[in-house]
Every structure is written in C-alpha cells, then in structure tokens.
Amino acid sequence: MSNFNPLEVNFDDTQTWDLICSGRTKGVFQLESNLGKSWAKRVQPKNIEELSALISIIRPGTLKAIVDGKTMTQHFVDRKNGVEEITYLHSSLEPILKGTQGVLVYQEQSMQIAQQLAGFDLQEADNLRKAIGKKKADLMAKVKGSFLKGASKKGVVSDEVAEEIFSWIEKSSRYA
C-alpha cells in the first residue's frame, strides 16, 4: 500500500459502486450498519454525489420527516428509481435540486435558493442556514420576512410561490 496516491483514486470504479449497491459495505463509515446497507441497496448510488445524498438521507431527521405520507428518504429513493415523478415548485429550483431528485437535502441548497430567488448575499444566506441548523424560530421569522421581500423585489417567482418555497424551507429545518 506504500504506492497509494489519493489523487489517483478512480471515483468511477464500477466494481466499487457495485459492492456498495449490493450492501457489501463493511468498513465503510456510515454505510456499514444495517440501515446503511439497506438504503444503499435501495438508492443504488453510482457516483460521489449520489453517495453523499444517501448518507444525508439516512440521518434521523430525514428518516422521520413525513411529507405526503412518506419520509423524505423514501421520496428521494422513489424519485431516483422512477417510481415518483421529480417535480419542482418552480423551474428555477431545478439546477439547485436536480442532484438530489428534487428533494431539499442540504442546508446549502436552501442558501442557494435564497440567493437565487430572493437576492440574498452570502451573509443573509448564512443566517438562513443558522436558522435551519439551530432551529431558531425568531431568526427564521426574521429571515422569512427578508426572503419574501427579496423574492417580491427580484420577481423570479410570484409572491405565492415564494411563500410556498419558504414554507418548504422551514419544513426542511426538521431534517436538513
């Protein structure tokens, strides 16, 4: 192993992905548990982006967050496997959410949405991330006002759609 060079790792090695997809993940942090193996078999990750999403969607909050009678984890899997249609509240969300099957998985996605739709700068977007991560209702209410005002001013989406998108972001704070 003295010749190992991390810069030469082949991230497209199909044999490695096949092992992960079959649940043969002993020694793979966060995937060697029965939970990790089970969801790896369902998600069938074929690249680093899908593997990152898999690890994120098997966290307790995502496994418990119910929308339309299913967990966000199950929505992700069903969309990835073609069982459920991938939809977006607005077409401008597609570039941000495409890699996660239209499911809001990462706090950073909420930050990007706020920048794109409401014109948030990085500091404002980071305040949104803090409100989500720390479950701060007072900060979330303040950020919501800024988001809705910014979205109205920017005009990418209607006020009604902005309201719906922010509601979705608020709900994601239970798991993202």
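The values are calculated or read from the model by the stated rules, or taken from the named source; none is laboratory data. Because the structure is predicted, anything quoted here is derived from the model rather than measured. Here the Cβ positions follow ideal geometry from the backbone for every residue, glycine too, while neighbour counts run over all protein chains shown.
Structural remarks
- When Val103 is tested against (1) more than 20 Å from Trp168 (Cα to Cα); (2) touching a His at 6+ places or on another chain (Cβ under 8 Å), just one condition goes unmet, and that condition is (1).
- The set of residues in segment 125-142 that are in contact (Cβ under 8 Å) with a residue 24 or more places away in the chain and not small (Gly, Ala, Ser) comprises Leu128, Ile132, Lys135, Met140.
- Among (1) part of a loop (DSSP other than H, G, I, E, B); (2) at pLDDT below 95; (3) over 30 Å from Val43 (Cβ atoms), the one test that Ala141 misses: (1)
- The set of residues in segment 103-124 that are among the aliphatic types (A, V, I, L, M) and touching a residue at least 24 places away in the same chain (Cβ under 8 Å) comprises Val103, Leu104, Val105, Ile113, Ala114, Leu117, Ala118.
- Out of Ala40, Ala53, one residue alone is in contact (Cβ under 8 Å) with a residue 40 or more places away in the chain and either part of a helix (DSSP H, G or I) or surrounded by 15 or more Cβ atoms within 10 Å (Cβ to Cβ) (or both). It is Ala53.
- Residue match in segment 59-66 (condition: closer than 22 Å to Lys41 by Cβ, hydrophobic (A, V, I, L, M, F, W, C), at pLDDT 95 or above and not in a helix (DSSP H, G or I)): no
- Being on the phi > 0 side of the Ramachandran plot, touching a Phe, Trp or Tyr at 6+ places or on another chain (Cβ under 8 Å) and not in a helix (DSSP H, G or I) holds for only one residue in Gly27, Gly102, and it is Gly102.
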